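Only one structure is covered here, and it is reproduced in the block below.
The values are calculated or read from the model by the stated rules, or taken from the named source; none is laboratory data. Computed from a prediction, not measured in an experiment: that's the story for all the values here. Every residue, glycine among them, receives a Cβ derived from its backbone with ideal geometry; neighbour counts consider all protein chains shown.
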Amino acid sequence: MAKKLYFGSNLKMYKNTAATVSYLQDLEEKTKDIPKITRFIIPSFTTLERASAAVDHQNIMIGAQNMCYADEGQFTGEISPLMLKELGIDLVMIGHSERRHVFGEKDAEENRKVLAALSHGFTALLCIGETADEKNYGISTEILRQQLKIGLFGVRPEDTDRLWIAYEPVWSIGVNGTPASADYAEEMHFEIKKCLAELFGERAERIPVLYGGSVNPGNAEELIVQKDIDGLFVGRAAWDAAKFDALIRQALKAYASGAE
Ligand code: PGA
């Protein structure tokens, strides 16, 4: 059966409001003829109101890069689910590698955020991934299982329709990252799906698992054709709308020819 495919980008702390809006409009215009894929962009907080208004969310879903687990309270510097709701955004990314490794977020905290995002009606995109050391010790699967079992603790099976996972090995992300080989990524995606099936049974089949970490025009094709990779979560290679459009089309072409 053909997979439903997902393509999205986290803009990290790069584009200001004007740049985000023009990027989104450009991307929407360029990619709107591509049928049957889910597109999403996750810009900076300060751009979200304008970003959300700039596109048709049927074409491009808009996400936040982080969220506080509480609705309100003494949480200086945090952004509440209610505030995000007000902006009309669709999804919340939780536990991106930079949140975990630069800002010290832990699995239990990601879990509270996942539960809060789901209970407020957002799609929750939980990011997981092992470090280079963990990979070298041969414990990648254990780490991913732990991140999933804690991060998704208490998620109600009926809410899994709004749950997405991104596998982003820490060592593969950013300018100093080494992209994962398609074989290795597939092996980890298989393990992730196995764990999701243990947690949610048949419902797990509908949870998309996206690959992220140095996705580029040179590896997008071999990644997207892997059986357990449902989409590409792209950083740097997506921040120019024309280049992202070209990457999506190239990946879809490879997928279509493999699927025949
Ligand atoms: P990258 O970023 O594609 O620039 O490596 C990926 C990510 O952090 O999601």
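Results, tabulated for the structure shown:
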{"item": "Test: residue in the range 104-116 that is surrounded by fewer than 23 Cβ atoms within 10 Å (Cβ to Cβ) and within 16 Å of the ligand (Cβ to nearest atom)", "result": "yes"}
{"item": "Residue in the range 237-248 that is in a loop (DSSP other than H, G, I, E, B) and either within 15 Å of the ligand (Cβ to nearest atom) or at pLDDT 95 or above (or both) present", "result": "yes"}
{"item": "Residues of the range 1-58 that turn out to be small (G, A, S) and either touching a helix residue (DSSP H, G or I) at 6+ places or on another chain (Cβ under 7 Å) or outside any helix (DSSP H, G or I) (or both), as a count", "result": "6"}
{"item": "Residue in the range 195-215 that is farthest from the ligand (Cβ to nearest atom), counting only those that are within 22 Å of S97 (Cβ to Cβ) and touching an Asp or Glu at 6+ places or on another chain (Cβ under 9 Å)", "result": "L196"}
{"item": "Residue in the range 93-100 that is within 16 Å of the ligand (Cβ to nearest atom) and of a type in the set (A, V, I, L, M, F, W, C) present", "result": "yes"}
{"item": "Single residue of the range 159-172 satisfying the filter (within 24 Å of M13 (Cα to Cα) and assigned to a helix (DSSP H, G or I)) that is nearest to the ligand (Cβ to nearest atom)", "result": "S172"}
{"item": "Residue count for the range 196-218, restricted to those that are out of contact with any helix residue (DSSP H, G or I) (no Cβ under 7 Å at 6 or more places or on another chain) and in a loop (DSSP other than H, G, I, E, B)", "result": "2"}
{"item": "Criterion: among the β-branched types (V, I, T), within 23 Å of K113 (Cα to Cα) and either surrounded by fewer than 16 Cβ atoms within 10 Å (Cβ to Cβ) or touching a Cys at 6+ places or on another chain (Cβ under 9 Å) (or both) - qualifying residue of I173, I207, I165", "result": "I165"}
{"item": "Residues of the range 173-191 satisfying the condition of being assigned to a helix (DSSP H, G or I) and within 16 Å of the ligand (Cβ to nearest atom)", "result": "A182, Y184, A185, M188, H189"}
{"item": "Filter pass, L232 being within 12 Å of the ligand (Cβ to nearest atom), in a strand (DSSP E or B), in contact with a helix residue (DSSP H, G or I) (Cβ under 7 Å, 6 or more places away or on another chain) and in contact (Cβ under 8 Å) with a residue 24 or more places away in the chain", "result": "yes"}
{"item": "Residues that are under 20 Å from the mean Cα position of the chain (by Cα) and either assigned to a strand (DSSP E or B) or of a type in the set (A, V, I, L, M) (or both), drawn from the range 59-70", "result": "I60, M61, I62, G63, A64, M67"}
{"item": "Filtered residues of the range 77-121 (kept if hydrophobic (A, V, I, L, M, F, W, C), outside any strand (DSSP E or B) and touching a helix residue (DSSP H, G or I) at 6+ places or on another chain (Cβ under 7 Å))", "result": "I79, L87, I89, A108, V114, A116, A117, L118"}
